[in-house]
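**Student:** Quick one: this structure, given as structure tokens, is what I'll be asking you about.
The values are calculated or read from the model by the stated rules, or taken from the named source; none is laboratory data. Predicted, not measured: the structure shown is a model, and the values here were computed from it. Positions of Cβ are backbone-derived with ideal geometry, glycine not excepted, and every protein chain shown enters the neighbour counts.
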Amino acid sequence: MTEYDVMDQHADGGPAPGRLPLWSRVGYLVRRLHQIHNAIFVEECKQFGITPVQYGLLTALHYYPGSDQVTLGHEVGIDRTNVADVLERLSERGLVRRERSQRDRRSMIAFLTPAGEEVHEQARVCMMKAQERLLAPLAPPFHPAFLAVLTQLVEGNSQFVPSESGFDVERRRREKMLSPQREKATAKSDAEPGVSEERPPARRGRRKSAMSTAK
């Protein structure tokens, strides 16, 4: 089936008048599904005020306490700069504590606090409900197969987009926050007068007078 055939057919074989060829593009559908999942997750877990990425880090630290930023980034699929930002937010809420690694003093490692463990456990029910809502349009017998296909696609293509790519919500959120500051700094820089290539007239006059005296 070509992408143009999708304009004439639903997934169940029925007519789909006006449906764009986008619906035959895997990337488009994956992105839409990701957006839907984020919306469902935030709604289900609103009492905890936590995002999917933040809950992912809590889960990683629950199973791998004392992990550094590189390890956490690999497990969750974000770059270590974003890991630092998310850990900072979680630390401010008292859910995570950070300390210097004993093996490498340049590295920071993280642990869940008792409050972090509690949020991780309590939010698990909401997280699972979000997963169930996401899969609800599929018949239950298809759920394991769908998860297996997704896992195969991610594992089979992970080498093309390493976690260091940083293409995620947390980075976009951080850049949006920093954007006004950058614009202000740029405007200030543009407003500052540059150094003139010509010397001030008074200085040229003094130099000329000195040369006349020397003659």
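**Student:** For residues that are within 23 Å of His34 (Cα to Cα) and surrounded by fewer than 20 Cβ atoms within 10 Å (Cβ to Cβ), tally how many sit in the range 54-78.
**Tutor:** Summing the residues that are within 23 Å of His34 (Cα to Cα) and surrounded by fewer than 20 Cβ atoms within 10 Å (Cβ to Cβ) in the range 54-78 gives 5.
**Student:** For residues that are closer than 18 Å to Val154 by Cβ, among the hydrophobic types (A, V, I, L, M, F, W, C) and surrounded by 12 or more Cβ atoms within 10 Å (Cβ to Cβ), tally how many sit in the range 18-29.
**Tutor:** Number satisfying all stated conditions: 1.
**Student:** Looking at Thr59 and the list (1) in the same structural domain as Pro114 (by TED's automatic domain parsing); (2) over 17 Å from Ala130 (Cα atoms), which single condition is not satisfied?
**Tutor:** Going through (1) in the same structural domain as Pro114 (by TED's automatic domain parsing); (2) over 17 Å from Ala130 (Cα atoms) one by one, Thr59 breaks only (2).
**Student:** Scanning the range 33-78 for residues that are assigned to a loop (DSSP other than H, G, I, E, B) and not polar (S, T, N, Q), which turns out nearest to the chain's Cα centre (by Cα)?
**Tutor:** Ile78
**Student:** Out of everything in the range 79-96 that is aliphatic (A, V, I, L, M) and in a helix (DSSP H, G or I), what residue ends up being surrounded by the most Cβ atoms within 10 Å (Cβ to Cβ)?
**Tutor:** Ranking the qualifying residues of the range 79-96, first place goes to Val83.
**Student:** For the range 32-42, does any single residue satisfy the condition of being buried (at least 18 other Cβ atoms within 10 Å of the Cβ) and modelled with pLDDT of 95 or more?
**Tutor:** Checked against the condition, which is being buried (at least 18 other Cβ atoms within 10 Å of the Cβ) and modelled with pLDDT of 95 or more, the range 32-42 yields at least one hit.
**Student:** Does the range 97-117 include one or more residues that are touching a residue at least 40 places away in the same chain (Cβ under 8 Å), in contact with a strand residue (DSSP E or B) (Cβ under 6 Å, 6 or more places away or on another chain), part of a helix (DSSP H, G or I) and surrounded by 16 or more Cβ atoms within 10 Å (Cβ to Cβ)?
**Tutor:** yes
**Student:** Hey, another quick one. For Val30, work out the one condition from (1) outside the structural domain of Glu155 (by TED's automatic domain parsing); (2) touching a residue at least 12 places away in the same chain (Cβ under 8 Å) it doesn't fulfil.
**Tutor:** With (1) outside the structural domain of Glu155 (by TED's automatic domain parsing); (2) touching a residue at least 12 places away in the same chain (Cβ under 8 Å) applied to Val30, the lone miss is (2).
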